[in-house]
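Participant: I am attaching a structure below and will ask some questions about it afterwards.
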Amino acid sequence: MMVRALALAALAFTVSTAARAADPRYPNWPCAQAKVPEISLAAVWAGPELGDAESKWKDDSKISALVARLAARKTPLDEAEKSVKEFLAGSADKTANAKLLFAGLFDTLNAQRSQVMSGLERVSRKQREAADKIRAETIQLQALQDATPRDDAKVDAMSNQLIWETRIFEDRRKVVRFVCEVPTAIDQRLFALGRVIQQEME
Amino acid sequence: MLRAGLLSGLVLAAAPAHGFIAYVSNEKSNTVSVIDTDGWTVTKTIKVGQRPRGIEFTRDGKFVMVAVGDDDSIQLIDARTQAVVDTLPSGPDPELFTQDAAGKTLYVANENDNTVTVIDLEKRARLGDIQVGVEPEGMTVSPDGKTLINTSETTNMAHFIDTASRQIVANVLVDARPRFACYKHDASELWVSSEIGGTVSIVDPGKHEVIGKVTFEIPGLRKEAIQPVGIGMTKDDKTAFVALGPANRVAVVDTATHKVTKYLLVGQRVWHMAFTPDEKYLLTTNGVSNDVSVIDVAAQKVIKTIQVGELPWGITMAPGIAP
């Protein structure tokens, strides 16, 4: 009974993800939030053209070290904003450094975001497979339960297996919901840091 | 020089506070943030009902009304005590509302049952419903109070409703998903923003015809990212500001030419806006960056960002200075 309820929940999940994937371009996108594959530069930057800063930021060891620290989610945002201000206040060519720093953050955070998103889609595909498996095994279990003579050892084994599979499925589902917030959190960080950089340039 | 500096410092310190007060609804955190423009700080966060969106001061400045959609009502916040004191009746899932110039009648758009509820603000009682037949979205009342405009995303129209007879008298087709409507103060034009169409239609309210369109173009941004929502018009009707949603910008529009003169980068998913009563500043709500941007209207520059609650949606400004 318990197993059947769980399996039903799994079924309901697959149906609801399909319904929720409103955008036919991304059938494996599991989040309620719309999928925006890439952050466009213009959405976060109204400053001067980045020009060769887009490739050169990597050559500057000071900049790339700072970018790595600012892009890390474990660095609190207000602390990151403070670091941006301090770095630019102390630099000789503010505009050039500001462009390098932003170019680095844009690259790094966009890449981080793509990774998270492809991870989500990978898990979403796995979940679909898991749901198919659970569904098939539920039918098998029903057949085993209805069989005469009934093989209780087999019924137990199959029930246990289903309980485990459903539990893993449910846990993953919770994680997915949590991870769905991450792309937005990265957007927020990039925008906030970009805004501070632009303010410091003025 | 030093003395002058000291003196001006003294004058500054001695000057009485001339702060205005803004209230911001935070859709996701179920709160309202109170901002004092004197120091541009949040001075209080008020717990309200579920899913607060539409928010407006009563004309006398004594109360703030906030539509709490998931609680199916409109709450009244006492501006003096900054606490919820009463509830107004509305239909199911009120999203936003508008009041007439006198501040006597309130019109509430109920998303779920295709009606507009009419409320007597003095008696705090429901006068009746207008069947608009389509999901009401944006609403505004003409400066003379005779016409209620209701935009609908199902019909892509601005519906003109006679407030006396409560009947639809005209329909004007605009671009996809009309979100917000705003009259010029001299009532010569009605501006309607279309979130999906990506335009603002300018309607002649007498002839019920679209006479012009404001279009937006931001190099490097895809068209779908430009979603016009909130509109703010200066009192002289010469300049309009249009919030462009996920384009993260506010467009400055010359109302004579209907052309954009400048784009200001504000915050993420900029939604609604409100001027300070002296019109020196314009405040915008930015839903994704969870903040409010302050625009210096004359300089057309963003001067400040204020963190508020989660998913800030609407904003209203007290008509006078802080008590």
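The values are calculated or read from the model by the stated rules, or taken from the named source; none is laboratory data. Just so it is clear, the model here is predicted, and its values are computed rather than measured. Cβ sites come from the backbone with ideal geometry, for glycine too, and all protein chains shown count toward neighbours.
Participant: Please enumerate the residues belonging to region B:304-323 that are more than 14 Å from the chain's Cα centre (by Cα), touching a residue at least 40 places away in the same chain (Cβ under 8 Å), in a strand (DSSP E or B) and within 14 Å of chain A (Cβ to nearest Cβ).
Facilitator: The answer is B:Lys304, B:Ile306, B:Gln307.
Participant: How many residues are among the charged types (D, E, K, R), more than 14 Å from chain A (Cβ to nearest Cβ) and farther than 15 Å from B:Val192 by Cβ if we restrict to region B:213-242?
Facilitator: 4
Participant: Which of the residues spanning region B:269-303 are away from every other protein chain (no Cβ under 13 Å), buried (at least 22 other Cβ atoms within 10 Å of the Cβ) and under 18 Å from A:Glu202 (Cα atoms)?
Facilitator: If the condition is that a residue be away from every other protein chain (no Cβ under 13 Å), buried (at least 22 other Cβ atoms within 10 Å of the Cβ) and under 18 Å from A:Glu202 (Cα atoms), then B:Ile295 is the only one that fits.
Let's see how each residue does on (1) farther than 30 Å from B:Ser194 by Cβ; (2) crowded, with 18+ Cβ neighbours inside 10 Å:
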{"position": "B:Ala67", "(1), (2)": "no, yes"}
{"position": "B:Ser73", "(1), (2)": "no, yes"}
{"position": "B:Thr81", "(1), (2)": "yes, no"}
{"position": "B:Glu95", "(1), (2)": "no, yes"}
{"position": "B:Thr98", "(1), (2)": "no, yes"}
{"position": "B:Val108", "(1), (2)": "no, yes"}
{"position": "B:Thr115", "(1), (2)": "no, yes"}
{"position": "B:Asp129", "(1), (2)": "no, no"}
{"position": "B:Pro136", "(1), (2)": "no, yes"}
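Participant: Can you name every residue in region B:137-154 that is in contact with a strand residue (DSSP E or B) (Cβ under 7 Å, 6 or more places away or on another chain) and either of a type in the set (Val, Ile, Thr) or outside any loop (DSSP other than H, G, I, E, B) (or both)?
Facilitator: Scanning region B:137-154 gives B:Glu137, B:Gly138, B:Met139, B:Thr140, B:Val141, B:Thr147, B:Leu148, B:Ile149, B:Asn150, B:Thr151, B:Ser152.
Participant: Say we look at region B:243-268 and pick out the residues that are surrounded by fewer than 23 Cβ atoms within 10 Å (Cβ to Cβ) and assigned to a loop (DSSP other than H, G, I, E, B); which of these is farthest from the other protein chains (Cβ to nearest Cβ)?
Facilitator: B:Ala256
Participant: Now for a separate question. Does region A:76-97 contain at least one residue that is surrounded by 13 or more Cβ atoms within 10 Å (Cβ to Cβ), modelled with pLDDT under 95 and not in a helix (DSSP H, G or I)?
Facilitator: yes
Participant: With the condition kept exactly as written, say whether any residue in region A:25-42 is outside any loop (DSSP other than H, G, I, E, B), modelled with pLDDT under 85 and crowded, with 18+ Cβ neighbours inside 10 Å.
Facilitator: no
Participant: A follow-up question, please. Could you list, in sequence order, the residues of region B:222-238 that are more than 16 Å from the chain's Cα centre (by Cα) and not in a loop (DSSP other than H, G, I, E, B)?
Facilitator: B:Lys223, B:Glu224, B:Ala225, listed by residue number.
Participant: With respect to the numbered conditions (1) at pLDDT below 95; (2) buried (at least 22 other Cβ atoms within 10 Å of the Cβ); (3) farther than 18 Å from B:Val250 by Cα, which one is the sole condition not fulfilled by B:Gln167?
Facilitator: That leaves (2) as the condition not met.
Participant: Which condition number in (1) under 20 Å from B:Arg53 (Cα atoms); (2) in a loop (DSSP other than H, G, I, E, B); (3) without any contact (Cβ under 8 Å) to a residue 40 or more places away in the chain is the one that B:Ala164 fails?
Facilitator: (1)
Participant: Let me ask something else about it. Just checking, does region A:54-68 include any residue being within 14 Å of another protein chain (Cβ to nearest Cβ), farther than 28 Å from A:Cys180 by Cα and small (Gly, Ala, Ser)?
Facilitator: No, because not a single residue in region A:54-68 is within 14 Å of another protein chain (Cβ to nearest Cβ), farther than 28 Å from A:Cys180 by Cα and small (Gly, Ala, Ser).
Participant: Can you name every residue in region A:75-86 that is over 12 Å from A:Met201 (Cα atoms) and not acidic (Asp, Glu)?
Facilitator: A:Thr75, A:Pro76, A:Leu77, A:Ala80, A:Lys82, A:Ser83, listed by residue number.
Participant: Considering each of B:Asp175, B:Asp186 in turn, give the residue that is part of a loop (DSSP other than H, G, I, E, B), touching a residue at least 40 places away in the same chain (Cβ under 8 Å) and over 18 Å from the mean Cα position of the chain (by Cα).
Facilitator: B:Asp186
Participant: Between A:Thr108, A:Thr75, A:Thr95, which is of a type in the set (Val, Ile, Thr), away from chain B (no Cβ under 12 Å) and over 25 Å from A:Pro183 (Cβ atoms)?
Facilitator: A:Thr95
Participant: Filter region A:114-151 down to residues that are out of contact with any helix residue (DSSP H, G or I) (no Cβ under 6 Å at 6 or more places or on another chain) and among the small types (Gly, Ala, Ser) and give me whichever is nearest to A:Ser40 (Cα to Cα).
Facilitator: A:Ser114
Participant: Show the residue pairs that are 6+ apart or on different chains and have beta-carbon atoms under 7 Å apart, the first residue being within region A:180-202 and more than 9 Å from chain B (Cβ to nearest Cβ), the second being among the polar types (S, T, N, Q) and part of a helix (DSSP H, G or I).
Facilitator: A:Ile186/A:Gln112; A:Met201/A:Thr95
Participant: Check off (1) more than 30 Å from B:Asp36 (Cβ to Cβ); (2) away from chain A (no Cβ under 14 Å); (3) out of contact with any Ser or Thr (no Cβ under 9 Å at 6 or more places or on another chain) for B:Thr199 and give me the number that stays unchecked.
Facilitator: (3)
Participant: Does B:Leu127 fit the bill of being part of a strand (DSSP E or B) and in contact (Cβ under 8 Å) with a residue 60 or more places away in the chain?
Facilitator: Here the answer is no, as B:Leu127 does not meet what is asked.
Participant: Something else about it: Does B:Lys304 qualify as being among the basic types (Lys, Arg), more than 16 Å from B:Arg179 (Cα to Cα) and at pLDDT below 95?
Facilitator: yes
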